[in-house]
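Asker: I'd like to ask some things about the structure below.
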């Protein structure tokens, strides 16, 4: 037994560099796979919205995975009291289970987005299944609210050419985020959640919190309290809250204002090209 142990130990000692390189390579591959499929900044698969390059102190507060009473209701109540609009990316099965909450979200001036039927990891699915996840959710939102959404956020941020293509064919904009996820679903203290968000907020940022758990029930009391801290402290810094569609309109308006009007060519106002 001792001889076998020494043999194994000797093998690892002789080949430790190979194991180290292999492990390092595996880490690099996993990191690249995450970046390619889930990083909000990656635009390889097609255009997505992560923030708006505005020069105004505005931010978009968004919530994923609901509705999830009573926590979504508490968030809606607080936002209504503070006159803060938000954008809720809803899961279809939760919309079906709690239609009144979704109607409240819209009635209070919030925006609604599609977050698939059951929070599926879309990259792992066939195109047909991807289409079903989005269309079934879209149909349920239409049934409950009488309106269609124009926003879509893929669960986990996971997307590829097929996901982006299906969303665009349905007339949905793919909305990501610019503030790193605060992992509020792990239920850290509210102050911790808030601090993880606040240190990354800039003009035009999109913030993500979670009022549900992949469309199912979960305790989100810490997210409710963190929302209050985030809203209060950003207001003290002069920030105003808008929905994602409102943020996009502001971005378009600033871009249009910054575009110079048509004028003389670089060769001068009286340049006439030779024919």
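The values are calculated or read from the model by the stated rules, or taken from the named source; none is laboratory data. Small disclaimer: the values here were computed from a predicted structure and weren't measured. FYI the Cβ positions are ideal-geometry reconstructions off the backbone, even for glycines, and counts take in every protein chain you see.
Asker: From the list 163, 179, 174, which one is in contact with a helix residue (DSSP H, G or I) (Cβ under 7 Å, 6 or more places away or on another chain), on the phi < 0 side of the Ramachandran plot and part of a strand (DSSP E or B)?
Answerer: 174
Rundown of residues vs (1) in contact with a helix residue (DSSP H, G or I) (Cβ under 8 Å, 6 or more places away or on another chain); (2) modelled with pLDDT under 60; (3) farther than 30 Å from residue 160 by Cα, yes/no style:
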{"position": "10", "(1), (2), (3)": "no, yes, yes"}
{"position": "22", "(1), (2), (3)": "no, yes, no"}
{"position": "56", "(1), (2), (3)": "yes, no, yes"}
{"position": "69", "(1), (2), (3)": "yes, no, yes"}
{"position": "76", "(1), (2), (3)": "yes, no, yes"}
{"position": "89", "(1), (2), (3)": "no, no, no"}
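Asker: Among the residues of the range 87-116, what is the count of those that are part of a loop (DSSP other than H, G, I, E, B), touching a residue at least 40 places away in the same chain (Cβ under 8 Å) and farther than 16 Å from residue 147 by Cα?
Answerer: 0
Asker: Separate question: For residue 243, are the conditions met, namely being within 30 Å of residue 79 (Cβ to Cβ), out of contact with any strand residue (DSSP E or B) (no Cβ under 6 Å at 6 or more places or on another chain) and either modelled with pLDDT of 65 or more or surrounded by 12 or more Cβ atoms within 10 Å (Cβ to Cβ) (or both)?
Answerer: No, not satisfied.
Asker: Right, next: Quick check on the range 92-104: of everything there that is touching a helix residue (DSSP H, G or I) at 6+ places or on another chain (Cβ under 6 Å) and buried (at least 22 other Cβ atoms within 10 Å of the Cβ), which residue is nearest to residue 154 (Cα to Cα)?
Answerer: 92
Asker: Conditions: (1) assigned to a loop (DSSP other than H, G, I, E, B); (2) touching a strand residue (DSSP E or B) at 6+ places or on another chain (Cβ under 8 Å). Residue 141 meets all but one. Number of the miss?
Answerer: (1)
Asker: Take the range 163-178 and flag every residue that is buried (at least 20 other Cβ atoms within 10 Å of the Cβ) and under 19 Å from residue 111 (Cα atoms).
Answerer: Listed by number, the residues that qualify are 167, 172, 174, 175, 176, 177, 178.
Asker: Still on this model: Going through the range 216-252 one residue at a time, which ones are within 16 Å of residue 184 (Cβ to Cβ) and in a loop (DSSP other than H, G, I, E, B)?
Answerer: Hits for the range 216-252 are 217, 218, 219, 220.
Asker: Just checking, how many residues over the range 186-213 are surrounded by 20 or more Cβ atoms within 10 Å (Cβ to Cβ) and in contact (Cβ under 8 Å) with a residue 60 or more places away in the chain?
Answerer: Count: 9.
Asker: Just checking, does the range 150-158 include any residue being more than 26 Å from residue 205 (Cβ to Cβ) and in contact with a helix residue (DSSP H, G or I) (Cβ under 7 Å, 6 or more places away or on another chain)?
Answerer: Within the range 150-158 (the criterion being more than 26 Å from residue 205 (Cβ to Cβ) and in contact with a helix residue (DSSP H, G or I) (Cβ under 7 Å, 6 or more places away or on another chain)), the answer is no, since none of the residues qualifies.
Asker: Would you point out the residue of the range 144-160, among those that are assigned to a helix (DSSP H, G or I) and on the phi > 0 side of the Ramachandran plot, that is surrounded by the most Cβ atoms within 10 Å (Cβ to Cβ)?
Answerer: 157
Asker: Can you tell me which residue in the range 52-81 is farthest from residue 143 (Cα to Cα), limited to those that are without any contact (Cβ under 8 Å) to a residue 24 or more places away in the chain and assigned to a helix (DSSP H, G or I)?
Answerer: So, considering only residues that are without any contact (Cβ under 8 Å) to a residue 24 or more places away in the chain and assigned to a helix (DSSP H, G or I), the one farthest from residue 143 (Cα to Cα) is 81.
Asker: Answer with yes or no whether residue 62 is modelled with pLDDT under 95, in contact with a helix residue (DSSP H, G or I) (Cβ under 7 Å, 6 or more places away or on another chain) and within 27 Å of residue 201 (Cβ to Cβ).
Answerer: no
Asker: What pairs come out if I take residues in the range 121-139 that are touching a residue at least 60 places away in the same chain (Cβ under 8 Å) and pair them with residues that are assigned to a loop (DSSP other than H, G, I, E, B) whose C-beta lies under 6 Å away, six or more apart or interchain?
Answerer: 123/158; 123/160
Asker: In addition: Here is a list of conditions, (1) under 17 Å from residue 211 (Cβ atoms); (2) not in a helix (DSSP H, G or I), and residue 120 meets all of them except one; can you say which number that is?
Answerer: (1)
Asker: So, residue 84, is that one closer than 23 Å to residue 247 by Cα and either in a loop (DSSP other than H, G, I, E, B) or at pLDDT below 95 (or both) or not?
Answerer: Yes; evaluated as a whole, the condition is true for this residue.
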